[in-house]
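In what follows, a structure is listed as structure tokens, so that the remarks can point back to it.
The values are calculated or read from the model by the stated rules, or taken from the named source; none is laboratory data. Remember, it's a predicted structure, so these values are computed and weren't measured experimentally. Positions of Cβ are generated from backbone atoms using ideal geometry, with glycine treated the same way; all protein chains shown enter the neighbour counts. Heavy atoms of the whole protein, side chains included, go into the accessibility calculation; ligands, DNA and RNA do not. Shrake-Rupley method; radii C 1.70, N 1.55, O 1.52, S 1.80 Å.
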Amino acid sequence: MSNDVIRVEKVFKEYRLGMVGTGTLSRDLQSFWARIRGKEDPNSIITRHSANTSRGDREELRQHILALNDVSFNLKKGEILGIIGSNGSGKSTLLKIISKITTPTKGEIKVKGRIGALLEVGTGFHPELTGIENIYLNGAILGMKRAEIKGKLDEILNFAEIEKFADTPVKRYSSGMYVRLAFAVAAHLEPEIMIVDEVLAVGDAQFQKKCLGKMEQVSSKDGRTVLFVSHNMVSIKQLCSRCICLSGGRIVEDGAASRVVDAYLSRTLSGDANPAERKFKNDPSKEFQVLSVKMLDSNGKVSREFDCDQPVTIEIDCVSRSAIPGLYGGVDIVNNEGVTVMVSDTYDFPPNCVDSLSPSNYKIRIAIPPRTLGHGEYTVSLGFHGAHSPYIFPPQFVCSFRLSDNSSQRGNTRAGYLSTLLKWEIKKA
Amino acid sequence: MANDTTIEKDEWTSHIKADTKAFNLDLNELWQHKDLVLLFVYRDFVVNYKQTILGPIWFVLQPLLTVITFTVIFGNIARIPTDGIPPVLFYMAGTIVWTYFIDCLTPISSTFINTAAIFGKVYFPRLVVPISIVISSLLKFIIQFAMFLGLLIYFIYQGMPMKINAGVLMVPLVLMQAGLLGMGCGILISALTTKYRDLARLVAFGAQLWMYATPVVYPVSQVPAKWQTLFYLNPAVAIVETFKAAFFGTNYPSIFHLSISVLMTAVFLFLGVVVFNKVEKSFMDTV
């Protein structure tokens, strides 16, 4: 019972949408005045949703949203907890509150032990400093002592496989080296509680494996607790013993990882929740942004039903507002068991077509040739990364589609992952 | 059951909740992060002159050019008296102390905006950043101070009466006050700019006006006696004057004027910490 290392109790987080402008000051003063008199803040939906409000106030309150709405859970020592949910479901907000980057509006979180948050790899890296200097700086930012880092320096350099470049400024590193070094520092943090946000989505497959291994070791051997947010359902299933699923700021599912992931996938895969067309809010502050993703059939019409004999085209509308060096994009096709059956990225056909993309609007089309994937339900996960900033457009499920096999003899009863038809060449021997 | 909860209460190492305390300065936590402060100082110092031709010479060149400009404009053209001190030396003393103060204030006033990328991803006591700026500015000051001393020795060698007095023992304290005042004002502004960006525009402009309200290019003796107390409400005045008096033997500010300055510094620092503390908890939601 006292085994709990984190106890989240009825946590709420409220955000005010829209612009901070001239009206802000008067509302601030009003809230401030209410607080010093010990009254409830009139400009908060947590305290105001049931009260009688005037029309103007209701307009104002409509701009407030609850990113976390009454979230409670406990976490035991040594547990690896996966946190899943669609974008905007409150995952990141929850991690930010637990790692003390922002405070809850209401509620309390009790923590036992040191927390190490890995919301991003390479936080505070300075391009002009050398590999070793950055290890010290980044390590200290993540909460390590100088002596601690000194003792682990060789181990970190070794893990990152960059011993030869230890004294080179990191601006001369390749993007792979940069990310490896950044993760190596983070992996050698030794907090009792580790918070990891999708850092595993970076690096090559071999390095990812190494990272996953390190995380497993951290929890099983050293008995540390891990909170892990990811869109990668396979690694959640592999790593986590338990998983919670957030939606609209509430916990909608809490239990064994495989059960929660399956329930989540079946929900997102059902047509209504995930149409064949997905639009994103235009945000001029972003250097690069995906505006919409569509699934197109051979006639160029938006569709989520495809025939195995037709190509399935993913069309991405995006805008580049300033050239990002090393920008690359990747698409994962995930089947309804959560298995990634196909991966495609912009490096497949060199040169990488989105590297340092000059400012303009673009349309990208990726066609999956006919008779590639087998019949069934699929989700498309899309992500864009830069050389030094892994999350230009974080990998996320954008669309779903269904393939059916209407022409072959076996049709929709064919087992296996592919629908490729193989010819049986026969000759008299 | 009731017993259980009381036992458990002691086990939790931290409680994260909506904070209502106005003044919440955890000095122990700050001390725990002294390594981080030093690494930030190291970073600022190294990065400052990497890929520049002149490197650290810039630290000397900048005040030198300022002093030459002041000597020409205020000394030769406007003919503002300098209390009988060689103008170059007079302006140099004022400039390096003032520059130290401003080098604390200006970068600190954009702490939240400049470090938003780091603050948004990792938690450490946010005051680490302003403190590291005060220390790296102090390093810069020490280099400039060495230049000032060299110049002073040269002038004494050339026959300027030697008036360095016991007041130099106060100089480290005065500098500490300048650093704390710069930090107090800086964190106050930085906390307010997270929400109201208008203030950022005011800083560069305000710093310039403030310099003219401080005896950098003119001696305090030029200020009419009846305005002196009002003049000393500017806490930077006593700082600059004490520094000059220690090396040039001019008049020290009175105890009354010194107290005003120290008190004002304490007020700014206290206000700064209160507002900074409040903002650091939630600024990621507004930046």
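Every residue in the range A:273-299 that is in a loop (DSSP other than H, G, I, E, B) and either in contact with a Leu (Cβ under 8 Å, 6 or more places away or on another chain) or open to solvent by 40 Å² or more (accessible area, probe 1.4 Å) (or both), please.
Answer for the range A:273-299, where residues must be in a loop (DSSP other than H, G, I, E, B) and either in contact with a Leu (Cβ under 8 Å, 6 or more places away or on another chain) or open to solvent by 40 Å² or more (accessible area, probe 1.4 Å) (or both): A:273, A:275, A:280, A:281, A:282, A:283, A:284, A:285, A:286, A:287, A:298, A:299.
May I ask you to list pairs of residues, at least six apart or on different chains, whose Cβ atoms are under 7 Å apart, with the first in the range A:233-259 being open to solvent by 40 Å² or more (accessible area, probe 1.4 Å) and the second being part of a strand (DSSP E or B) and among the charged types (D, E, K, R)?
Sorted first by the residue in the range A:233-259, then by its partner, the pairs are A:250/A:70; A:256/A:242.
In the range B:106-125, how many residues are modelled with pLDDT of 90 or more and in contact with a Phe, Trp or Tyr (Cβ under 9 Å, 6 or more places away or on another chain)?
Residues in the range B:106-125 being modelled with pLDDT of 90 or more and in contact with a Phe, Trp or Tyr (Cβ under 9 Å, 6 or more places away or on another chain): 0 in total.
How many residues does the range A:323-358 contain that are under 16 Å from residue A:290 (Cβ atoms), surrounded by fewer than 18 Cβ atoms within 10 Å (Cβ to Cβ) and in contact with an Asp or Glu (Cβ under 9 Å, 6 or more places away or on another chain)?
Within the range A:323-358, residues that are under 16 Å from residue A:290 (Cβ atoms), surrounded by fewer than 18 Cβ atoms within 10 Å (Cβ to Cβ) and in contact with an Asp or Glu (Cβ under 9 Å, 6 or more places away or on another chain) number 2.
When you scan the range A:241-255, do you find a residue that is more than 16 Å from the chain's Cα centre (by Cα) and either in a helix (DSSP H, G or I) or farther than 30 Å from residue A:12 by Cα (or both), even just one?
no
Given the criteria touching a residue at least 40 places away in the same chain (Cβ under 8 Å) and outside any helix (DSSP H, G or I), does residue B:140 qualify?
Against the criterion (touching a residue at least 40 places away in the same chain (Cβ under 8 Å) and outside any helix (DSSP H, G or I)), residue B:140 does not qualify.
Residues to consider are B:55, B:84, B:94; find the one that is small (Gly, Ala, Ser) and outside any loop (DSSP other than H, G, I, E, B).
Answer to the selection: B:94.
Check B:122, B:97 and return the single one that is surrounded by 20 or more Cβ atoms within 10 Å (Cβ to Cβ), within 14 Å of another protein chain (Cβ to nearest Cβ) and more than 20 Å from residue B:193 (Cα to Cα).
One residue alone meets the criteria, B:122.
Those residues that are within 11 Å of chain B (Cβ to nearest Cβ) and either of a type in the set (Gly, Ala, Ser) or over 23 Å from residue A:254 (Cβ atoms) (or both), I need them from the range A:77-101; list them, please. Quick ask: steps written out before the conclusion?
Restricting attention to the range A:77-101, the residues satisfying the condition of being within 11 Å of chain B (Cβ to nearest Cβ) are A:92-93, A:95-101.
Across the range A:77-101, the qualifying residues are A:92, A:99, A:100, A:101.
Can residue B:149 be described as in contact with a helix residue (DSSP H, G or I) (Cβ under 8 Å, 6 or more places away or on another chain) and surrounded by fewer than 18 Cβ atoms within 10 Å (Cβ to Cβ)?
Values: in contact with a helix residue (DSSP H, G or I) (Cβ under 8 Å, 6 or more places away or on another chain): no; surrounded by fewer than 18 Cβ atoms within 10 Å (Cβ to Cβ): yes.
Here the answer is no, as residue B:149 does not meet what is asked.
Can you find a residue in the range A:164-180 that is open to solvent by 20 Å² or more (accessible area, probe 1.4 Å), within 11 Å of another protein chain (Cβ to nearest Cβ) and among the aliphatic types (A, V, I, L, M)? Quick ask: steps written out before the conclusion?
As a first pass, look at the range A:164-180 and keep what is open to solvent by 20 Å² or more (accessible area, probe 1.4 Å): A:164-165, A:167-169, A:171-172, A:174-178, A:180.
Narrowing the set further to residues that are within 11 Å of another protein chain (Cβ to nearest Cβ) leaves A:169, A:171.
Now narrow it down to the ones that are among the aliphatic types (A, V, I, L, M): none.
The answer is no, given that none of the residues of the range A:164-180 is open to solvent by 20 Å² or more (accessible area, probe 1.4 Å), within 11 Å of another protein chain (Cβ to nearest Cβ) and among the aliphatic types (A, V, I, L, M).
In the range A:116-139, which residue that is outside any loop (DSSP other than H, G, I, E, B) and facing chain B (nearest Cβ under 8 Å) is farthest from residue B:127 (Cα to Cα)?
A:133
State all residues of the range B:100-119 that are surrounded by fewer than 20 Cβ atoms within 10 Å (Cβ to Cβ) and within 14 Å of chain A (Cβ to nearest Cβ); if no residue qualifies, say none.
Those that are surrounded by fewer than 20 Cβ atoms within 10 Å (Cβ to Cβ) and within 14 Å of chain A (Cβ to nearest Cβ): B:113, B:114, B:115, B:116, B:117, B:118.
Note down all Cβ pairs under 8 Å where the first residue falls in the range A:397-412 and is under 20 Å from residue A:296 (Cβ atoms), the second is modelled with pLDDT under 85 and among the aliphatic types (A, V, I, L, M), and they're at least six residues apart or on different chains.
These pairs meet every condition: A:399/A:276; A:400/A:269; A:400/A:276; A:401/A:276.
Can you tell me which of (1) at positive phi; (2) surrounded by 23 or more Cβ atoms within 10 Å (Cβ to Cβ); (3) not hydrophobic (A, V, I, L, M, F, W, C) is the one residue A:100 doesn't meet?
It is condition (2) that residue A:100 fails.
Please go through the range B:42-59 and pick out each residue that is more than 11 Å from chain A (Cβ to nearest Cβ) and open to solvent by less than 40 Å² (accessible area, probe 1.4 Å).
Selection gives B:55, B:59.
Within the range B:185-217, track down each residue that is open to solvent by 40 Å² or more (accessible area, probe 1.4 Å) and of a type in the set (Ser, Thr, Tyr).
B:196, B:212, listed by residue number.
What are the pairs with Cβ atoms under 6 angstrom where one residue, in the range A:111-125, is free of Cβ contacts under 8 Å to residues at least 24 places away in the same chain and farther than 10 Å from residue A:142 by Cβ and the other, located anywhere, is hydrophobic (A, V, I, L, M, F, W, C) and surrounded by fewer than 23 Cβ atoms within 10 Å (Cβ to Cβ)? Sequence gap at least six, or different chains.
none
Considering each residue of the range A:111-148, count those that are over 20 Å from residue B:32 (Cβ atoms), open to solvent by 30 Å² or more (accessible area, probe 1.4 Å) and more than 20 Å from the chain's Cα centre (by Cα), and give that number.
Residues meeting the conditions: 5.
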